[in-house]
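*Asks:* Dropping the structure in here first, questions after.
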Amino acid sequence: MLSRERQSVISQRLKSNGKVVAADLAVEFGVSEDTIRRDLREMAAAGVCERVYGGALLPSPPVPIARRLAETTRSKAALGRAVARLLPENASVFVDAGATNRAAMELFPKDRKLTVTTNAPHIAAALSDHENIDLIVIGGKVDFHVGASLGAQALIEISRLNFDIHLFGVCALDVASGLTVQSFEEMTLRCAVAEQADRIIAPVSNEKLGQRAAFNTVALDERVTIITEYDASEEISAGLSSIGAAIIRAEPDQ
């Protein structure tokens, strides 16, 4: 069976069941799991499925930023606390949009100094009572799904700045593709920020580990520190460590 035929069958299976398991598909089609993973990668790149550890799911519609912020969980708070501990005083940090990054900013000690640049209004609002933080807000048209400015004006302003740390808002992360995002506009801006930063800190919740979105941004190497939940998959964490990224497990929220 040709790959296109396999992928058509897999697509129908996804529509029927909502998910597929790579090992089961390999047995059904009489091919290796590597072949199935390659099929799933191609399908994910085309937006047909959403890759997860061990298989794939039907792609879920993007969740608006307002709902993501309202659904901030204890695990995201734990990740945010771990991030806040890693940010050195007087550092220059670019902070992407996201609930975990907002938690990190809210938990950053108010007696410590930091320069924060962000393209996300909700990040700026979280810092409104931090008098020791120098806040720079990147302008331009706000994408209200992402909750951040993504256009040409934002790119021009970012090109004129340098950062010690890029606090990355993670959409999906896997060993092969690194940090990936869901839209071309996000990819363009995230790559621009990453090029201006010395280090990248990427807090990632369990549901985003082992997944890949459509657009590549940052490869995983010694410049990247990944903060995972306390109970993150040991296998995935080991794979990430093997390619040079530093892994830190967030202490569970009590």
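*Asks:* What do you reckon, is residue 211 among the polar types (S, T, N, Q), at pLDDT below 95, surrounded by fewer than 20 Cβ atoms within 10 Å (Cβ to Cβ) and more than 18 Å from residue 93 (Cα to Cα)?
*Replies:* No.
*Asks:* Can you tell me how many residues in the stretch 56-75 are modelled with pLDDT of 70 or more and either out of contact with any strand residue (DSSP E or B) (no Cβ under 8 Å at 6 or more places or on another chain) or among the hydroxyl-bearing types (Ser, Thr, Tyr) (or both)?
*Replies:* Counting residues in the stretch 56-75 that are modelled with pLDDT of 70 or more and either out of contact with any strand residue (DSSP E or B) (no Cβ under 8 Å at 6 or more places or on another chain) or among the hydroxyl-bearing types (Ser, Thr, Tyr) (or both) gives 2.
*Asks:* Can you tell me how many residues within the stretch 192-208 are assigned to a strand (DSSP E or B) and among the hydrophobic types (A, V, I, L, M, F, W, C)?
*Replies:* 5
*Asks:* For the stretch 101-117, how many residues are acidic (Asp, Glu) and buried (at least 17 other Cβ atoms within 10 Å of the Cβ)?
*Replies:* 1
*Asks:* State all residues of the stretch 208-236 that are in contact with a Ser or Thr (Cβ under 6 Å, 6 or more places away or on another chain) and small (Gly, Ala, Ser); if no residue qualifies, say none.
*Replies:* 213
*Asks:* Select from the stretch 95-104 the residues that are in contact with a His (Cβ under 8 Å, 6 or more places away or on another chain) and not in a loop (DSSP other than H, G, I, E, B) and list them in ascending order.
*Replies:* Residue satisfying the conditions is 102 alone.
The values are calculated or read from the model by the stated rules, or taken from the named source; none is laboratory data. Everything numeric here is computed off the predicted structure, so don't read it as measured data. With ideal geometry, Cβ positions are generated from the backbone for all residues, glycine too; neighbour counts draw on all protein chains shown.
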